[in-house]
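Enquirer: One structure, as structure tokens, below. Some questions next.
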Amino acid sequence: MSERPPISPRSPRAALEPEQVPPPPKRSDRARNPLVVVGNAIITLVLISMLGAGAVYYYGRQVLEAPGPLNEDKIVNIPQRAGKRDIAETLNREGVTDVNPWVFIASVAALKASSDLKPGEYSFQRNASLRDVIATIVEGKVVQHAVTIPEGLTSEQIVARLSDNDIFTGSVRELPREGTLLPETYKFPRGTTREQVIQRMQQAHKRVLAEIWERRSQDLPVKTPEQLVTLASIVEKETGKPDERSRVAAVFVNRLKQKIKLQSDPTIIYGLVGGKGTLGRPIKRSEITQPSPYNTYVIDGLPPGPISNPGRASLEAAANPARTRDLYFVADGTGGHAFTETYDAHQKNVARLRAMEKQIQNDTVEPADDAQAPAPGAPAAVDTAPTATTPPKPTQQKKPPARPANPAPARQGSVWPSPPVVQR
């Protein structure tokens with residue numbers, strides 16, 4: 001009988017462990033193939049990349065779509081030649097955005113707008129998202145500033161206004177010819193050159209003048225569009241009431257047809273100061289008869305050129321004046337004018353105006369106790385300038401009709417009503 005080996009006692013844990021660990025199964029030849037290994041690595045990288053891209057997409061979308069920090073609409077200027085980082089810092093400084101500049105640059109790249117960012121002045125809306133901010137700059141819809149050029153200014157006055165406006169750049173190389181600019185309200189972005197403004201006003205003038213010249217009255221006593229502008233410039237200076245323009249134009253047209261001197265005060269002033277526009281003092285009586293190419297108390301017909309830049313309404317009135325036989329008009333003391341066909345009726349209107357002026361003076365000025373009445377036959381201290389009156393007769397010097405002492409405020413840039421004539 002064979003002897004059994006002695007049984008050595010083991011712990012319960014050791015008893016549960018196998019006496020010999022089986023070797024691991026061998027990998028198949030297919031699993032060990034290098035192509036399979038590389039493929040598995042690629043798939044793993046793709047999955048990791050997709051997960052990363054998804055996370056980046058989600059984060060980027062949150063950044064682009066999240067409301068911005070602006071509490072109210074704001075205008076911000078993006079300077080010329082500013083890079084993407086400069087733009088990002090400007091937007092952060094102005095409180096439009098609050099993201100890291102590199103996030104802004106990445107967002108611009110993600111939106112494929114790297115080469116489309118345009119300088120200029122932009123209006124960003126309240127709580128504008130980063131996407132909206134970038135879209136605004138890409139679209140290039142810069143802020144348009146409204147600039148109003150009043151009717152009746154001379155070219156020199158208009159250039160001075162443009163020079164004082166800080167939204168424009170550059171200078172005007174040459175003063176535009178009188179009457180070649182159209183007064184109107186224009187819109188320009190900041191940084192527009194003053195030469196560009198002048199060119200746009202000249203183009204607008206040419207377009208409007210051509211349209212109005214085609215619709216002019218056929219019996220108009222002007223031969224060229226330039227003469228029409230000259231007539232309109234006088235009309236522009238003579239009245240500030242829109243409903244009077246065509247009737248004032250009719251007076252001057254009727255006078256041209258009958259070869260009566262126009263006798264317009266603003267033409268005297270233009271002959272004295274030119275493009276400066278205003279005399280700064282009353283017209284002297286001696287200046288009424290002072291020879292000047294523009295003084296329509298001296299010359300026959302129209303002056304050699306415009307005395308201002310008339311607006312569309314005055315051009316329309318000059319091209320199609322009212323159908324009246326009026327030859328005279330004088331201020332009525334209320335900001336308008338009284339029109340008449342005859343000199344006698346005109347003189348009555350002048351007398352009425354003088355009485356009104358005297359009444360206003362009595363009501364507002366208390367005479368001094370020691371004031372003395374003027375000597376009989378002594379000339380009046382102050383007289384007023386005539387407008388659209390007949391020339392003085394050779395045998396009798398007519399006293400010119402008057403303007404109101406306290407006229408209604410004139411339009412900006414206009415010399416209407418003209419100042420009183422001071423006798424020297």
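Here, each number is a calculation from the coordinates, and none is a lab measurement. Bear in mind that the values here come from a model prediction, so they are computed numbers and not experimental data. Every residue, glycine as well, gets a Cβ built from its backbone with ideal geometry; the counts of neighbours run over all protein chains shown.
Enquirer: Counting Lys and Arg as +1 and Asp and Glu as -1, what is the net charge of the other residues whose Cβ lies under 13 Å from the Cβ of Leu327?
Expert: Numbers: positive: Arg247, Arg255, Lys257, Lys259, Lys261, Arg325; negative: Asp326, Glu341, Asp344.
Neighbourhood net charge equals +3.
Enquirer: Expressed as a whole number of Å, what is the distance separating the alpha-carbon centroids of region 111-150 and region 252-285?
Expert: Region 252-285 and region 111-150 have Cα centres separated by 49 Å.
Enquirer: Work out the length of the dipole vector of region 74-139 about its Cα centre, built from +1 on the beta-carbon of each Lys and Arg and -1 on the beta-carbon of each Asp and Glu, and round it to the nearest 20 debye. Write down the numbers at each step before the final one.
Expert: Working: 9 positive and 8 negative charges, 16 e Å.
Rounded to the nearest 20 debye, it is 80 debye.
Enquirer: Ok, one more. Pairs of alpha-carbon atoms within less than 8 angstrom and 6+ residues apart define the contacts here; what relative contact order does region 74-139 have, in percent? Each step should come with its number before you reach the end.
Expert: Numbers: 66 pairs, mean separation 28.6, N = 66.
Contact order relative to length: 43 percent.
Enquirer: Related question: Report ³J(HN,Hα) in whole Hz for each residue of region 251-264, in order, from the Karplus equation J = 6.51 cos²θ - 1.76 cosθ + 1.60 where θ = phi - 60°; Gly and Pro get x.
Expert: Karplus-based 3J(HN,Hα) across region 251-264 equals 4, 5, 5, 4, 5, 4, 5, 8, 6, 9, 4, 6, 6, 10 Hz.
Enquirer: Please list the non-local residues whose amide H lies under 5 Å from the amide H of Ile78, H modeled 1.01 Å from N, same-chain partners needing a gap of 5 or more.
Expert: Under 5 Å from the amide H of Ile78 lie the amide H atoms of Gly120, Glu121, Tyr122, each far enough along the sequence or on another chain.
Enquirer: Something else now. With θ set to phi - 60° and the Karplus curve 6.51 cos²θ - 1.76 cosθ + 1.60, what are the ³J(HN,Hα) couplings of region 62-74 in order, to the nearest whole Hz, using x for Gly and Pro?
Expert: Per residue, the Karplus-derived 3J(HN,Hα) values read 4, 5, 5, 9, 5, x, x, x, 5, 8, 7, 4, 8 Hz.
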